[in-house]
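J.: Quick one: the structure is below, and I'll ask about it shortly.
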Amino acid sequence: MDHLKSSITVVLIPSIYSVIFLVGLPANGLALWVLATKVKKMTSTVFLMNLAVADLLLILVLPFKIFYYYLGNNWIFGELMCRAVTSFFYGNMYCSALLLMSISVDRYLAVVHPFFSRRFRSRVFATAICSTCWIIGMLSTIPLATMQQSYLLLDTQLTLCHDALPKQEQAEYLFYYFMSAIVLCFILPLIIIVFSYTAVIRELILSGEKYSYAVKLSALVLFIVIIFLTPSNVVLLMHYSEHCLQRHGDLYAVYMVCLTLSALNSCVDPFVYYYASEEFRDKVRKQFRKKSAISITSVKTSKETLPPSYPNYPSRPMM
């Protein structure tokens, strides 16, 4: 109860989720629209579009978690919605990691093995890889979607969603589930991401000074993956392993904060697109210029339709 009623879970966590939702929803929506309609369709575009969709799906379930925490960790939306939100949250987090891995492999092939990969790097290739990522992400959530997730906390009026473990057996089951999911959907992708971007950075540095921008970008993406996704997965395993060993550590609040920070990855991705692609940057700027031009034109038109003597109309005296 100290954790459930603390300012960390009732104020800090929902506040962070609110910022992620308010910034991430329009940013990812704009990114997806620009990538789908304005940017030249290449393999990298396909990967980025799928990543934007994964980020949007995660962000769209955040309002349920925001209300849950603001209400003092009390779930009011029912068992099925608790399962859906939990499955969407973890599924899209793991799918994002797999897509980031795919992007890193695509960059590795394009930079380190450009002639060899030219034969098969295509939109069809990218679509097949993304489909595989989505399938793995959905399969990884089956245990969460099929087991009960919401429980009434004893001696309280609180219904917890995914935060209660009524049986020791369930804690052990979740530990082995999350261990398998983290190894397949995070540790393996992380190793591949580190290897790919390390090779890309090395190749670009050897190519000369003109590629310094791309080196900085690769290092930035690698930094984001490690900072935002690693802590939550490490603490998640520690959290459930403590239940399995029947130890009562104080990892609950740390685990929830790390899980919240992992969602920041969905909020940061669109700004990486903007920083990474000059074409994406130009398209976004052009769209905002068009909207500004339309607004100015509409204001001028409305002024032109007014009677010429409108500014000189005398004030009507008050009766």
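J.: Return yes when THR230 is among the hydroxyl-bearing types (Ser, Thr, Tyr) and either at pLDDT 85 or above or under 29 Å from ILE136 (Cα atoms) (or both) and no when it is not.
T.: yes
J.: Within segment 46-78, can you find the residues that are over 25 Å from PRO270 (Cα atoms) and not in a helix (DSSP H, G or I)?
T.: Residues satisfying the conditions are LEU71, GLY72, ASN73, ASN74, TRP75, ILE76, PHE77, GLY78.
J.: Another question, then. Could you identify the single residue in SER180, SER131 that is in a helix (DSSP H, G or I), free of Cβ contacts under 8 Å to residues at least 40 places away in the same chain and open to solvent by less than 60 Å² (accessible area, probe 1.4 Å)? Show your work before the answer.
T.: Numbers: SER180 fails: open to solvent by less than 60 Å² (accessible area, probe 1.4 Å).
Answer to the selection: SER131.
J.: Looking at segment 259-272 only, could you name the residues that are without any contact (Cβ under 8 Å) to a residue 60 or more places away in the chain and over 18 Å from SER18 (Cβ atoms)?
T.: Just the residues of segment 259-272 that are without any contact (Cβ under 8 Å) to a residue 60 or more places away in the chain, to begin with: 259, 268, 272.
Of everything in segment 259-272, just one residue is without any contact (Cβ under 8 Å) to a residue 60 or more places away in the chain and over 18 Å from SER18 (Cβ atoms), namely VAL272.
J.: Also: Quick one: which residue in LEU237, LEU206, LEU165, LEU160 is outside any helix (DSSP H, G or I), at pLDDT 75 or above and either among the hydroxyl-bearing types (Ser, Thr, Tyr) or more than 21 Å from SER266 (Cα to Cα) (or both)?
T.: The conditions single out LEU160.
J.: Here is a list: PRO143, PRO114. Which entry is loosely packed, with under 15 Cβ neighbours inside 10 Å and not polar (S, T, N, Q)? Give the derivation first.
T.: Values: PRO143 fails: loosely packed, with under 15 Cβ neighbours inside 10 Å.
When all the criteria are applied, what remains is PRO114.
The values are calculated or read from the model by the stated rules, or taken from the named source; none is laboratory data. Remember, it's a predicted structure, so these values are computed and weren't measured experimentally. Neighbour counts are summed over all protein chains in view; Cβ atoms, including those assigned to glycine, are modelled from backbone coordinates with ideal geometry. We work out accessible area using only protein heavy atoms, side chains counted, and drop any ligands, DNA or RNA first. Shrake-Rupley method; radii C 1.70, N 1.55, O 1.52, S 1.80 Å.
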